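Reading through the structure tokens given below for one structure.
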Amino acid sequence: MALADIHHPSDLRGLTTDEVIALASEIREFIVQSVSETGGHLGSNLGAVELTLALHRVFESPRDAVLWDTGHQAYVHKLVTGRAPDFARLRQEGGLSGYPNREESEHDFIENSHASTVLSYAYGMAASRDLAELAGKTPDHRHIVSVIGDGSMTGGMAYEALNNLGHSGRKVIIVLNDNGRSYAPTISTLSIGEENITAADKVSGLMSNTLTKIRLNPTYVRRQRRFERFMRRLPAVGKQAERSVEAVKAAVREFLQPPGFFEALGIRYIGPIDGHDIEALEKALRSAELRVAEGPILLHVITQKGRGYSPAEDDDEKHLHDAPVFDPLNGPPKSVPTGYTQAFAETLVKEASTDSRIVAITAAMPGPTGLIAFQQEFPDRFFDVGIAEQHAVTAATGMALSGLRPVVALYSTFLSRAWDQVVYDVALHKAPVIFCLDRAGITGDDGPSHHGVYDMALLAKVPGMRVLAPSSAQDLQQMLHDAFTLVNDGPVVIRYPKGVVRNVEPTDIGSGLLARELRTSANKKVCILAIGKMVGNALQAAELLHQDGIETSVWDVRSCKPLDPKMIHEAAQYQFVLTFEDGIRDGGIGSSIADEVGLESAKQAQSPRVYTFGIPTEFIAQAKPDAILKQLQLDAQGMANSVKSIVTNCVAQ
């Protein structure tokens, strides 16, 4: 059966093993072709083909809930649930999401594009199911199946949920898709990567595989239970005999880690299983289905990220975890930092070459955040902690309080996962930590979960935090240089966007916590205060307004907290003050500017009208960043229109 004939998971169940293998090959070709045209997550999905097919052949979605973590490994799931025709618009405006999406299909239960959360969802859904059964009602779902992997088992939340699942005995089937990777190699001893295999590993692996086959045998399971009951009933020595058997089993589990780890938490373990062997996968999944009545059970599946596509298999950095539009015959060009990321990468290496205290920390994303060059130059001063932002931030505090100068490089959207640590571990200690937040503002194709629009509003409320937003590559380099001095008085944040970078002359940059006036208006009528990426658009808007006879002053705010007193003093002398930012408007930097301009204008007996513009407090759907900014009237023409509307309406009044 061809992929074009698969419209529902039930269509898979009548296929022979050979037909499934052929379908897997066709799916890989389809994914490579589709992602080459739209961009998207490639390597993780190529590695999950057989696993996804086996899951949908054994379980009955949506009667059984199949949950994905991380959600970017669910492309195959989307294909076999009837969405193949929509892949032409994958990650495009109005098109198919790059993650599971509840609005797209009854087979998608959670969106889950931030890692390590699926086991908590599963616990909650299992609790709801169990309560329904106790009340004599028909539950929404029969089985809860959680697929966790591609690095997401490195997140602390996953371990919190494992502990809770094991303690409660909730009937959840956990599939650990272990490909040894996230973006970079997974930071975990639970992962089995080829580069880490020793002779002892091979011996224990052979033993583990043999024992796995025994444990999957229903006859063994029945006999084990009869034997345990027999030992328990022995007169006088029953309890001791049963404990002896358990001690032997525990010793074997301890030797064959990770079974001992999971079973110590109360979670039965099966594995490891070859994640590309359909028959072995289906047998293991059926065994898990039979045994889950006893409590949570984990199936450990070993897969190869990028399987079946040589450019992905040969990519040592990230196995083509994600890819732009590319030629499928040759594969994508080697990923290198560009734009603001490149400016950050080059400057950090330069600064670290003269200051041995500087270290770099990231959460499974050394390539995307521009730290590969630093890692190569200073391997002992580079720390990748896995998908564990909370740990990254507090570890940085420990380093900072011990004399180092840590730079924590994350995507803006992921720093929100460590909010508590930023406030109470870093800021409360006034720790000299520098946060460099890539992909700040509107990011585009990955949709609402990846826009970095909350950082400024949140971080500006943290006592002692300094928040900087460069408007050019050169200004970012200057800010990072200055940050190593500023950080002596407490933490500093530098946030910068994805995409095309603005370049200026070396003489056209600021310094420290000072704003810069880029364009002056003699008539003191309109003053625009722009932040980060909005500066380039503001300058273009000012030129458009000039053509319409409206002169404007334009300031590059640069320091969002604290605000430059000189900029506030000058702005308070204008009739109209407009602020533009690519963060949320409600409670954003514009609000802080409005407050300070109001206080300053009272001193001067002035009464400027202040208008703030930014991202609305709503989830912004996927589209190209420039298209989103245009929709939000935050492009140059939109800014000019806002100014003209305000000025015209006030004149009319």
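The values are calculated or read from the model by the stated rules, or taken from the named source; none is laboratory data. As the structure is a prediction and not an experimental result, all values here were calculated from the model. Glycine gets a Cβ as well: all are built from the backbone with ideal geometry, and neighbour counts include every protein chain shown.
Miscellaneous remarks
- Residue check, MET157 modelled with pLDDT of 95 or more, not β-branched (Val, Ile, Thr) and not in a loop (DSSP other than H, G, I, E, B): no
- Those residues of the range 565-590 which are closer than 18 Å to LYS461 by Cα and buried (at least 19 other Cβ atoms within 10 Å of the Cβ), in sequence order: GLU581, ASP582, GLY583, ILE584, ARG585, GLY588, ILE589, GLY590
- Residue match in the range 477-484 (condition: touching a Pro at 6+ places or on another chain (Cβ under 6 Å) and assigned to a helix (DSSP H, G or I)): yes
- Residues being free of Cβ contacts under 8 Å to residues at least 40 places away in the same chain and part of a helix (DSSP H, G or I) - total across the range 401-436: 8
- In the range 99-116, the qualifying residues are those that are farther than 17 Å from GLY149 by Cα and touching a residue at least 40 places away in the same chain (Cβ under 8 Å), and the one that is surrounded by the fewest Cβ atoms within 10 Å (Cβ to Cβ) is GLU106.
- Between VAL467, VAL462, VAL433, the distinction of being under 23 Å from ASP482 (Cα atoms) and touching a Lys or Arg at 6+ places or on another chain (Cβ under 6 Å) belongs to VAL467 only.
- Residue match in the range 513-524 (condition: charged (D, E, K, R), buried (at least 20 other Cβ atoms within 10 Å of the Cβ) and either in contact with a Ser or Thr (Cβ under 7 Å, 6 or more places away or on another chain) or at pLDDT 95 or above (or both)): no
- Count of the range 320-371 residues, restricted to those that are among the aromatic types (Phe, Trp, Tyr) and either under 27 Å from GLN33 (Cβ atoms) or surrounded by fewer than 23 Cβ atoms within 10 Å (Cβ to Cβ) (or both), is 1.
- Entry remark, the range 1-17: residues being outside any loop (DSSP other than H, G, I, E, B) and under 18 Å from ARG28 (Cα atoms) number 6 in total.
- Close Cβ contacts (under 7 Å, 6 or more residues apart or on different chains) running from residues in the range 367-387 that are within 25 Å of ALA115 (Cβ to Cβ) to residues that are surrounded by fewer than 17 Cβ atoms within 10 Å (Cβ to Cβ) comprise GLY367/GLU317; GLY370/GLN342.
- Residue in the range 139-151 that is without any contact (Cβ under 8 Å) to a residue 12 or more places away in the chain, surrounded by fewer than 16 Cβ atoms within 10 Å (Cβ to Cβ), basic (Lys, Arg) and farther than 28 Å from ILE628 by Cα present: no
- The condition (being more than 30 Å from GLY452 (Cβ to Cβ) and touching a strand residue (DSSP E or B) at 6+ places or on another chain (Cβ under 7 Å)) is satisfied by just one residue among ALA132, ALA115, ALA122, ALA126: ALA126.
- Among the residues of the range 340-355, the ones that are without any contact (Cβ under 8 Å) to a residue 60 or more places away in the chain and in a helix (DSSP H, G or I) come to 4 in all.
- Among the candidates LEU348, LEU265, residue that is in the same structural domain as LEU42 (by TED's automatic domain parsing) and aliphatic (A, V, I, L, M): LEU265
- Any hit, the range 70-85, residues being in contact with an Asp or Glu (Cβ under 8 Å, 6 or more places away or on another chain), farther than 23 Å from GLY151 by Cβ and either without any contact (Cβ under 8 Å) to a residue 40 or more places away in the chain or not in a helix (DSSP H, G or I) (or both): yes
- Any hit, the range 620-628, residues being among the aliphatic types (A, V, I, L, M), free of Cβ contacts under 8 Å to residues at least 60 places away in the same chain and not in a strand (DSSP E or B): no
- Unique match (being under 38 Å from the mean Cα position of the chain (by Cα), surrounded by fewer than 16 Cβ atoms within 10 Å (Cβ to Cβ) and within 25 Å of PRO470 (Cβ to Cβ)) among ALA538, ALA627: ALA627
- Taken as a whole, the condition of being over 19 Å from LYS350 (Cα atoms), in contact with a Lys or Arg (Cβ under 7 Å, 6 or more places away or on another chain), surrounded by 20 or more Cβ atoms within 10 Å (Cβ to Cβ) and at pLDDT below 95 applies to GLY444.
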